[in-house]
Amino acid sequence: MSKVLFVYAKGGPPLGYALSRVAARSAVHLLALSALPPTVAASADRLCASVLRPAESERHDLVSLIVSRAQAVGADAVVTFSEYAVVAVAEACEKLGLAGAGGSCALARDKRMMRRTWQERGISQPRFRPVATERDLHDAAAALRFPLLLKAAWSAGSTAHRILRSADDVPAAWERAREVMAESAQLGYAELHVADAGADFIVEEIVPGTATEWFDQEGWGDYVSVEGVVVNGDFRPVCLSGRMPTVEPFTERAGITPAALPHDAQQCVVALAREAVDALGLQNCGTHTEIKLGAGGQMWVIETAARFGGAMTVPQIEEVFGLDLIGMLTDHLLGRQVSWPAEVRTPQEAHGAAGSLVVLAVDGAGEAWPDQRVWDFPTVRDAVPLSAGSHLSVVAENSLPDGTPVPVYDPAAGANTMAALCLLSATDPETVIRDFRTLVEALPQILPTAGVTTEVRS
C-alpha cells in the first residue's frame with residue numbers, strides 16, 4: 001500500500017476533513033508541527049499509521065526533519081495544506097525526488113518576491129513597495145498614493161494588515177503590525193521554515209474595487225478567488241469562490257462557492273489568474289488566487305498561494321461540484337491517473353451552493369458589537385431564521401467551545417479574533433448571501449451576554 005507523509009500545521013482546510021480524504025487514498029503518517037485540535041486527536045490516531053509530534057529542538061531544520069521522517073516511513077508522497085509549511089514541504093520533496101510544488105514555491109509565499117515576479121511580467125496588480133524598517137515605510141508612503149495597506153510578507157488570514165491614510169499613520173501602523181506578527185507566532189500562525197519572516201512587510205496602494213458591475217445581486221464583495229491546481233506545471237482552474245465585503249481593514253468574513261459571475265466575466269478572471277500562476281513556475285500543488293474587481297472590467301491580482309484555499313473552501317467545492325480536491329491531488333502525487341476538470345466549473349454546473357462564515361464581533365457595517373457576547377451555537381441554530389432549504393452547521397475544529405466569550409474584534413489581528421466558523425448549505429449563492437446577512441445582523445442580538453450564566457445545550 002502507498003504511504004503519504006502528511007505535514008500538519010495550523011491553517012488550511014480543517015484537519016479532520018483533509019486527513020480523512022488522504023487516508024482514503026493511502027496509509028498516512030502524520031507529522032504534527034502544531035498541536036492537534038482536540039476534536040480531531042482521537043480520529044487522527046485511528047486514521048494514521050503513525051503520529052509524530054517532534055520536540056521543539058527537532059524543528060530548527062524543518063526540511064531535514066521532513067526528509068528524515070519521509071525516509072523513515074517510506075513515504076511515496078509528502079503533503080501539506082498549511083500556508084506556513086508549504087515552502088518547507090516543497091524543498092523536502094525536491095530533496096526526496098518526489099512530486100511537489102517545486103523549487104519556486106517561495107514565490108507563492110513571500111509576497112515581496114511574488115509581486116516582483118508579476119511586476120517583471122507586466123501582470124496587473126496594485127503598486128507596491130517592500131519594507132523592512134519604519135524608514136522604508138516612510139519612503140514608500142512618499143512614493144505611493146494613499147490610502148495604503150501595510151501587510152506582512154509571510155502572513156495569512158489578513159493578519160497584521162493596517163490601513164494608512166496619511167504619512168502620520170506610519171509610526172503607529174508599523175509598531176502595531178510588528179506586534180501582531182509576534183502575537184501570531186505565539187499562537188502558531190507564522191511561517192515555520194524561514195527565520196525572522198515576521199519582520200518582512202510590503203505596502204501597497206488600495207485599488208478602487210467594485211462589486212456592482214460584476215454581480216447582479218447586492219451583498220457580494222469586490223474580489224473573488226480562483227481555486228485550482230498545478231499538474232506537472234500546467235495550471236488547471238477548478239472554480240471561482242466569491243466573498244462578502246471584508247471587515248476593515250481587509251478581514252474576510254465569508255466565502256461562497258460558487259461565485260455567481262456571468263460566464264464572460266468568469267473567463268476574464270480565470271485568464272488573469274492563469275497569467276499569475278504561470279509566472280510563478282509551480283509544479284504540482286493546489287492553488288488559491290485572489291483577484292480584485294474594479295470598474296470597467298479592470299482587475300488586479302492580489303496574491304496566489306501554492307496550496308488550496310483555507311477554511312471551508314475545499315469542502316464547499318466538494319459539496320457543490322462533487323470534486324474531492326485533496327483526494328485528487330493525493331492520487332496525483334502518488335503517480336495515479338486523475339481526471340481533472342477540462343475547464344473551470346461554472347455556477348450553472350453547481351449543485352446548490354455552500355458558504356463559510358467567520359464569526360467576528362462586528363455587525364454588517366463593520367461596527368463593533370455594543371457589548372460582549374458568548375458564543376453558543378445551539379442558540380444560533382435555533383433562533384436565526386434561514387431560508388427554506390438552508391442548513392447551518394458549526395465547524396467545531398475551528399470554533400470556540402459553546403459558552404466562551406466572543407473576542408473583541410481587533411482590526412490588526414484579523415481572523416485571530418474569530419469566535420467560530422459556520423458552514424451553510426443552500427439552494428444557490430444568492431441565498432447564501434441573504435442568509436449570511438441575516439445571521440450577521442442577528443448574532444449580537446441573540447447570543448447571550450457575557451457574564452450571564454447560560455445553559456450549554458447540544
Pull out the extension gain between Asp61 and Asn232, defined as 0.36 nm times the separation in residues minus the alpha carbon to alpha carbon distance; nm, one decimal.
58.8 nm
Which of the trypsin sites (Lys or Arg not before Pro) found in the range 361-458 are in a DSSP loop and have at most 15 neighbouring Cβ atoms, other than their own, within 10 Å?
Arg457
Once Lys and Arg get +1 and Asp and Glu get -1 on their Cβ, which of Gly352, Val67, Phe235 lies farthest toward the positive end of the dipole of the chain?
Val67
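If a/c stays under 1.5 just call it rounded; otherwise compare a/b with b/c (prolate if a/b is bigger, oblate if not). Do that for the range 199-307, with a ≥ b ≥ c from the square roots of the Cα gyration tensor eigenvalues.
Oblate.
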In terms of modelled amide H atoms, which long-range or inter-chain residues lie less than 5 Å from the amide H of Phe215?
none
For the chain, what is the percent of antiparallel DSSP beta bridges, rounded to the nearest 5?
80
Per principal axis, descending, Cα span of the range 352-458 in whole Å:
38, 33, 25
By the C-alpha gyration tensor axes a ≥ b ≥ c (rounded if a/c is under 1.5, else prolate when a/b exceeds b/c, else oblate), the shape of the chain is rounded
Could you pull out every one of the lysines with an alpha carbon less than 26 Å from that of Lys111, ignoring same-chain neighbours closer than 8 positions?
Lys10, Lys95, Lys151, Lys292
Could you run the Debye sum over the Cα atoms of the range 276-341, one equal point scatterer each and no solvent, and tell me log10 of I(q)/I(0) at q = 0.15, 0.23 Å⁻¹, two decimals?
-0.60, -1.10
R0 = 45 Å: FRET efficiency of Ala182 with Ala388, Cβ-based, nearest 0.05?
0.40
Just in the range 131-221: which GluC sites (Glu not before Pro) are loop by DSSP and have at most 15 other Cβ atoms within 10 Å?
Glu213, Glu218
Cβ-placed point charges (K, R +1; D, E -1), dipole of the chain about Cα centre in debye, nearest 20
900
Quick one: which residues, 5+ away or cross-chain, put their amide H under 5 Å from the amide H of Val51? H built at 1.01 Å from N.
Leu30
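Coordinate-derived values only; no laboratory data. None of the values given here were measured: they were computed from a predicted structure. When we count neighbours, we look across all protein chains shown, and the Cβ atoms used for this are built from the backbone with ideal geometry, even at glycine.
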